[in-house]
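> Mind having a look at this structure? Questions to follow.
The values are calculated or read from the model by the stated rules, or taken from the named source; none is laboratory data. Since the model is a prediction, treat every value here as computed from it, not as a measurement. So basically every Cβ, Gly included, is an ideal-geometry build from the backbone, and we count neighbours across all protein chains shown.
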Amino acid sequence: MAKNYPNLYASGNDSISLEQRFYLKEEVTRGTMVYPAATDFFFTMPGGAINFEAPFESSPQRSGRHHSSVLEQKNSTAWNFSTYFNIDTTLGAANVAEIDPAFRVLWKSLLGKETATAGAVYDPSETPDLTFTLMEVGDKWARQTIGAFVMSNNVQLPGDGQATCEWAGNAGESYLIGIGQSTADNNTTNDIVVGAGESERFEVGGAVMIIKGDNSRSADTPDGSPRLITAINTTTDTISLGGAVLADADGSGGAGTEIYLVYYEADDAALSAINDIQTGLVGSVSIANLGTSCFRSLGLNINGNHELVDYCYGTKNLSGKYYVPGDRLTVEVSLSFNLSDEMVEFLHKVKRFEGQAITAIVGDVAGRHGKFEIPSAIFNYPGFSLPDTGSIPVEFSGTAFESAFTAADEITVSFI
């Protein structure tokens, strides 16, 4: 059932978290909003968010004992969400369609290079060079960001839980957009007059659509073609929109003919995303020349360590290029398996700082699956203590290195 925006406007309920949805689409030009389609939706786990902060401090100017004015500081926008590995296992041959379009953008933003000939393969041999528009959509509100990029991804492959990714990054600007009602005839203008005080539910730069009383979309804002807010007059509650003069925005015909100015969202009746979770019950972890077949867990913390461009004069937000890939890509590897005779051999190799080649499979290797390859992980020599009973787990932590100078292959992520 499609979302009913007039009902949401009329509802006296507070917003609920279960209505949260994320959409993501690569930008053509850094920081210029693009409009995600229904196919740019993707499943996330509970708890993700786009977080906008506008900090300030009290002015230290001498003005007596009382706080009298504020000094604005740089705004910041950060985002995070966790996901499962949704891989389309129904495909007969390796294809980029194994994963959602949004995840193709995320992996490319994280690692830099995508090879899309037989499946989708990502490696750090090219420097990340893209941004995307990320929209977090609720029921009565939506958060829209531009100039977004991935900073890090934490992959967890536990033996006693589900395989997950925890994504995190930043963005250039964020707009919080709500829903307003108009009972005016807004045709032949670029202005929408909303109810008293409702202009405060919008921000200049946000993307909106016009919804009719029957929940259909106005011809002025068909699916995929919202309008950007160019100005807001909070005295007259007038929202000015970019684009052509409005011709299908008359809300003056009485009850049932009102129109609604709403945050942009792709037609949710056509939402499309892969819902084929690979939990890790089928898969494997292996280390070259190590015989054990039982690994308790593998963790990969992949961090681009980008420099945030939050220092440009005359701007409140990230600006310019938004980020600079100015520091080393770091892949931290954590590994746990039981003390055994193979472990003793492995500990001696670790003590000599030998690089360990690691391969992890998520899903059925005979079909469509995910694959992580690290040619050379060097671990710190671990200590371990004995529990009262049972097996003796040993925890390793280390760093992934390229296999040779300039190889730029410390990690490769494949969906094949």
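> When you scan the stretch 371-380, do you find a residue that is in contact with a Lys or Arg (Cβ under 7 Å, 6 or more places away or on another chain) and outside any loop (DSSP other than H, G, I, E, B), even just one?
No, every residue in the stretch 371-380 fails to be in contact with a Lys or Arg (Cβ under 7 Å, 6 or more places away or on another chain) and outside any loop (DSSP other than H, G, I, E, B).
> Could you list, ordered by first residue, the pairs with Cβ atoms under 7 Å in which the first is in the stretch 201-216 and free of Cβ contacts under 8 Å to residues at least 60 places away in the same chain and the second is surrounded by fewer than 15 Cβ atoms within 10 Å (Cβ to Cβ), at least 6 apart or interchain?
Val204/Thr230; Val204/Ala231
> Further question: Check the stretch 297-313 and report whether any residue there is modelled with pLDDT under 95 and surrounded by fewer than 13 Cβ atoms within 10 Å (Cβ to Cβ).
Let us first name the residues in the stretch 297-313 that are modelled with pLDDT under 95, namely none.
No, there is no match, as no residue in the stretch 297-313 is modelled with pLDDT under 95 and surrounded by fewer than 13 Cβ atoms within 10 Å (Cβ to Cβ).
> Taking only the stretch 328-375 into account, find how many residues are more than 36 Å from the chain's Cα centre (by Cα), without any contact (Cβ under 8 Å) to a residue 24 or more places away in the chain and within 18 Å of Thr399 (Cα to Cα).
3
> Only strands (runs of 3 or more DSSP E) wholly contained in the stretch 249-357 count here; list those with 1 or more residues that are in contact with a His (Cβ under 8 Å, 6 or more places away or on another chain).
Values: elements: 259-263, 283-287, 297-303, 330-338.
Of the strands (runs of 3 or more DSSP E) lying wholly inside the stretch 249-357, those with at least 1 residues that are in contact with a His (Cβ under 8 Å, 6 or more places away or on another chain) span 283-287.
> Related question: Which of the residues spanning the stretch 383-409 are surrounded by 15 or more Cβ atoms within 10 Å (Cβ to Cβ) and more than 16 Å from Val350 (Cβ to Cβ)?
Glu402, Ala408, Asp409
> Just wondering, is there one or more residues in the stretch 38-51 that are touching a Gly at 6+ places or on another chain (Cβ under 7 Å), among the small types (Gly, Ala, Ser) and either within 22 Å of Leu176 (Cβ to Cβ) or surrounded by 12 or more Cβ atoms within 10 Å (Cβ to Cβ) (or both)?
Just the residues of the stretch 38-51 that are touching a Gly at 6+ places or on another chain (Cβ under 7 Å), to begin with: none.
Scanning the stretch 38-51 turns up no residue that is touching a Gly at 6+ places or on another chain (Cβ under 7 Å), among the small types (Gly, Ala, Ser) and either within 22 Å of Leu176 (Cβ to Cβ) or surrounded by 12 or more Cβ atoms within 10 Å (Cβ to Cβ) (or both).
> Quick one: Ala269 ticks every box in (1) more than 24 Å from Leu134 (Cα to Cα); (2) surrounded by fewer than 20 Cβ atoms within 10 Å (Cβ to Cβ) bar one, so which box is it?
(1)
> Can we say Glu342 is surrounded by fewer than 21 Cβ atoms within 10 Å (Cβ to Cβ), modelled with pLDDT under 95 and among the acidic types (Asp, Glu)?
yes
> Any idea which of Val262, Val204 is within 24 Å of Tyr35 (Cα to Cα) and in contact with a Phe, Trp or Tyr (Cβ under 7 Å, 6 or more places away or on another chain)?
Details: Val204 fails: in contact with a Phe, Trp or Tyr (Cβ under 7 Å, 6 or more places away or on another chain).
After ruling out the rest, the residue left standing is Val262.
> Checking the structure you have, find out if any residue of the stretch 408-416 is more than 30 Å from Thr89 (Cβ to Cβ) and within 27 Å of the chain's Cα centre (by Cα). Can you show your working first?
Here is the first cut: in the stretch 408-416, the ones more than 30 Å from Thr89 (Cβ to Cβ) are 408.
Filter once more, so that each one left must be within 27 Å of the chain's Cα centre (by Cα): 408.
Checked the stretch 408-416: at least one residue is more than 30 Å from Thr89 (Cβ to Cβ) and within 27 Å of the chain's Cα centre (by Cα).
> Right, another one. Which one of the conditions (1) touching a residue at least 60 places away in the same chain (Cβ under 8 Å); (2) at positive phi does Asp237 fail to meet, given that it meets all the rest?
(1)
> Write out, first by first residue and then by second, each pair whose Cβ atoms fall under 7 Å of each other, whose residues are 6+ apart or on separate chains, and whose first residue, in the stretch 59-75, is in contact (Cβ under 8 Å) with a residue 40 or more places away in the chain while the second is assigned to a loop (DSSP other than H, G, I, E, B) and surrounded by 10 or more Cβ atoms within 10 Å (Cβ to Cβ).
Correct list of pairs: Lys74/Asp310; Lys74/Lys316; Asn75/Ala54; Asn75/Lys316; Asn75/Asn317.
> Got a sec? Which strands (runs of 3 or more DSSP E) wholly within the stretch 60-119 have at least 2 residues that are at pLDDT below 95 and over 19 Å from the mean Cα position of the chain (by Cα)? Show your work before the answer.
On the way: elements: 70-72, 76-84, 113-115.
Fully inside the stretch 60-119 and qualifying: 70-72.
> Could you check the stretch 12-23 and list, in sequence order, the residues that are free of Cβ contacts under 8 Å to residues at least 24 places away in the same chain and either in contact with a helix residue (DSSP H, G or I) (Cβ under 8 Å, 6 or more places away or on another chain) or not charged (D, E, K, R) (or both)? It would help to see each step written out before you state the result.
Of the stretch 12-23, the ones free of Cβ contacts under 8 Å to residues at least 24 places away in the same chain are 12-14, 18.
Listed by number, the residues that qualify are Gly12, Asn13, Leu18.
> Looking at the stretch 240-256, which of the residues that are modelled with pLDDT of 95 or more and farther than 19 Å from Phe202 by Cβ is surrounded by the most Cβ atoms within 10 Å (Cβ to Cβ)? Before the answer, list the steps.
Looking only at the stretch 240-256, we keep the residues that are modelled with pLDDT of 95 or more, and these are 240-252.
Next cut, farther than 19 Å from Phe202 by Cβ only: 244-245, 247-248, 250, 252.
Numbers: Ala244: 9, Val245: 13, Ala247: 12, Asp248: 15, Asp250: 19, Ser252: 13.
Across the stretch 240-256, the extreme among qualifying residues is Asp250.
> Taking into account only those residues within the stretch 285-302 that are closer than 20 Å to Glu395 by Cβ and among the polar types (S, T, N, Q), which is nearest to the chain's Cα centre (by Cα)? So that I can check it myself, show each step before the final result.
Quick first cut of the stretch 285-302, residues closer than 20 Å to Glu395 by Cβ only: 285-287, 290-302.
Checking which are among the polar types (S, T, N, Q) leaves us with 286, 292-293, 297, 301.
Working: Ser286: 30, Thr292: 36, Ser293: 34, Ser297: 25, Asn301: 16 Å.
If we take residues in the stretch 285-302 being closer than 20 Å to Glu395 by Cβ and among the polar types (S, T, N, Q), then Asn301 is nearest to the chain's Cα centre (by Cα).
> Before we move on, is Ser376 closer than 30 Å to Val150 by Cα, out of contact with any Leu (no Cβ under 9 Å at 6 or more places or on another chain) and surrounded by 12 or more Cβ atoms within 10 Å (Cβ to Cβ)? Walk me through it before giving the result.
Working: closer than 30 Å to Val150 by Cα: yes; out of contact with any Leu (no Cβ under 9 Å at 6 or more places or on another chain): yes; surrounded by 12 or more Cβ atoms within 10 Å (Cβ to Cβ): yes.
In short, yes.
> A further question follows. Kindly provide the set of residues from the stretch 165-197 that are under 14 Å from the mean Cα position of the chain (by Cα) and surrounded by 17 or more Cβ atoms within 10 Å (Cβ to Cβ), ordered by number. Explain how you work it out, then say what you get.
Here is the first cut: in the stretch 165-197, the residues under 14 Å from the mean Cα position of the chain (by Cα) are 165-172, 174.
Result: Cys165, Glu166, Trp167, Gly169, Asn170, Ala171, Gly172, Ser174.
> Could you run through the stretch 15-59 and say how many residues are assigned to a strand (DSSP E or B), farther than 16 Å from Gly206 by Cα and over 13 Å from the mean Cα position of the chain (by Cα)?
4
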